[in-house]
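Undergrad: Dropping the structure in here first, questions after.
Derivation of every value follows stated rules applied to the coordinates shown; laboratory data play no part. Just so you know, these numbers come straight off a predicted model, no measurement behind them. A quick note on method: Cβ atoms are made from the backbone with ideal geometry, for glycine too, and the neighbour counts reach across all protein chains shown.
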């Protein structure tokens with residue numbers, strides 16, 4: 001049996017006909033987020049089946065990156081619905097596009113759906129096991145859910161990862177310090193906070209600014 005394309009599957013879920021334009025406003029704006037894990041899974045199966053135009057996905061990675069950049073711009077302006085549409089379109093083009101999966105997970109966190117966020121972060125880690133942004137996201141969900149013992153190894157891994165940029169290491173160390181405070185491990189908390197400040201100073205020297213909240217590291 002032929003599998004539907006991601007656009008067709010997503011369109012049917014919204015009651016739209018196959019081939020709907022990706023930029024058209026959704027009838028029920030909040031539902032796209034809950035369907036993102038399904039969209040990514042459908043896209044993977046669709047490409048493996050050979051029934052859809054896989055070349056249009058595999059040969060256009062720049063399109064997905066451009067759409068994620070557009071989503072980030074919408075997020076900066078708090079245009080959440082438009083950001084969601086851009087991420088949806090990016091995952092249609094490349095269901096394993098790590099920045100798109102991370103951005104989708106962050107929007108899921110913002111909506112309070114930690115289960116969807118974790119599913120999306122883990123999809124990103126399946127595609128890129130050492131991805132610092134995804135590991136930080138998983139750790140943040142565990143901290144929020146008071147699963148501190150699960151968060152600590154992830155935070156230490158990012159803090160020690162030479163692939164991570166200074167902003168990511170600073171975020172990992174700052175969160176690790178907060179975890180140590182909650183566990184009343186005061187000396188370890190102080191060391192983590194001091195190391196976070198050192199990372200932020202290094203980032204300031206490299207880029208001229210620091211970040212707060214989710215990190216924004218430039219691609220090498």
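Undergrad: By counting other Cβ atoms within 10 Å of each Cβ, how are 205, 180 ranked from fewest to most?
TA: Fewest-to-most Cβ neighbours within 10 Å comes out as 205, 180.
Undergrad: Enter the Cα centre distance for the pair segment 131-160 and segment 93-129, rounded to the nearest angstrom.
TA: 14 Å
Undergrad: How would segment 111-214 be classified by its alpha-carbon gyration tensor: rounded, prolate or oblate, with rounded meaning a/c under 1.5 and the a/b versus b/c comparison settling the rest?
TA: Because a/c hits 1.5 or more and a/b fails to exceed b/c, segment 111-214 counts as oblate.
Undergrad: Here's something else I'd like to know. Among 186, 80, rank each residue by its count of other Cβ atoms within 10 Å, from fewest to most, as a rough exposure measure.
TA: By the 10 Å Cβ count, ascending: 186, 80.
Undergrad: Sticking with this structure for a sec: Arranged from highest to lowest average of other beta-carbon atoms within 10 Å per residue, in what order do the peptides 167-178, 134-145, 110-121, 190-201 appear?
TA: Working: 167-178: 24.2, 134-145: 21.2, 110-121: 18.4, 190-201: 16.6.
Highest-to-lowest ranking by the protection proxy: 167-178, 134-145, 110-121, 190-201.
Undergrad: Continuing with the same structure: Compute the Cα gyration tensor for segment 61-151, then decide on rounded, prolate or oblate, letting a ≥ b ≥ c be the square roots of its eigenvalues: rounded whenever a/c is under 1.5, prolate when a/b is larger than b/c in the other cases, and oblate in all that remain.
TA: oblate
Undergrad: Can you give the extra length, in nm with one decimal, that the chain gains between residue 111 and residue 126 once fully stretched, where that is 0.36 nm per residue apart less the Cα-Cα distance?
TA: Full extension of this stretch gives 3.1 nm more.
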